[in-house]
Amino acid sequence: MTHSISRQNTHLTSIRRLLEMFSTEPQRKMNRIAAAIGILLLTGCVTARATMLGTIPQQASVPAEQVRIYLADETLPAACERYALISLTGDVQMTTQAQLIAAARTRAGKIGANAVQLAPIEEPSTARVVAAAILGGSAERRGDLVAYRCQ
C-alpha cells in the first residue's frame, strides 16, 4: 500500500512539473516546442554516420550550405581527396531522398568535408514496405556516400 501511494505521489509530482513548465513563460515554451517539432520534421529521422578514410587530419567544420554535391557520374576536381564514408538510413515512410542528401551535407560539414559525391540510394522493396506497415517495424532507404576534402 505504501509503495502504491509513493508511486502516485511521484506521478503527481511529474504531472505538476509538466503543468508548471507549460504555465510559466508560455510563449517561450511553445516556441521551443514548435522549434523542436520543426527540427524533427525537417530531419525526418535520418541517421548519418561517418567513417573517416585516408590520412587527412580532422579539419574544421564547414557550413552545410558550403558542402558541394557531385553526382555519381561527375568527375571531381583533382585537388579533392577522399575524406570519409557517410552511411545514411531513414524510414521510407518518414524521409525523402532529399532529406537523406541534406543529412549527408550536414554530416560532411560537421566532420570538415567540403564535397560529397552521390551514389544510388537503395529503396526497400514494395514487399518490405507492406510487411513493415502490417507487421510493424520499419522499411529503410539506405545510402553510402563518399565525402571529400577539396583544396
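Taking amide hydrogens as placed 1.01 Å from N in the peptide plane, the amide H of residue 83 sits under 5 Å from those of 147, 148, 149, each at least 5 positions away in sequence or on another chain.
Applying the Karplus relation 6.51 cos²θ - 1.76 cosθ + 1.60 with θ = phi - 60° to the range 87-100 yields 3J(HN,Hα) values of 9, 10, 9, x, 4, 5, 7, 10, 9, 10, 4, 4, 5, 5 Hz, where x marks Gly and Pro. For 80, 45, the sequence from fewest to most other C-beta atoms within 10 Å is 45, 80. The residues 95, 89, when put in order of fewest to most other Cβ atoms within 10 Å, stand as 89, 95.
Summarised in one figure, the compactness ratio Rg/Rh of the range 45-150, Cα atoms and Kirkwood Rh, is 1.05.
Here, each number is a calculation from the coordinates, and none is a lab measurement. This structure is a prediction, so every number in the text was calculated from the model and none was measured. We place every Cβ from the backbone using ideal geometry, glycine too, and count neighbours over all the protein chains shown.
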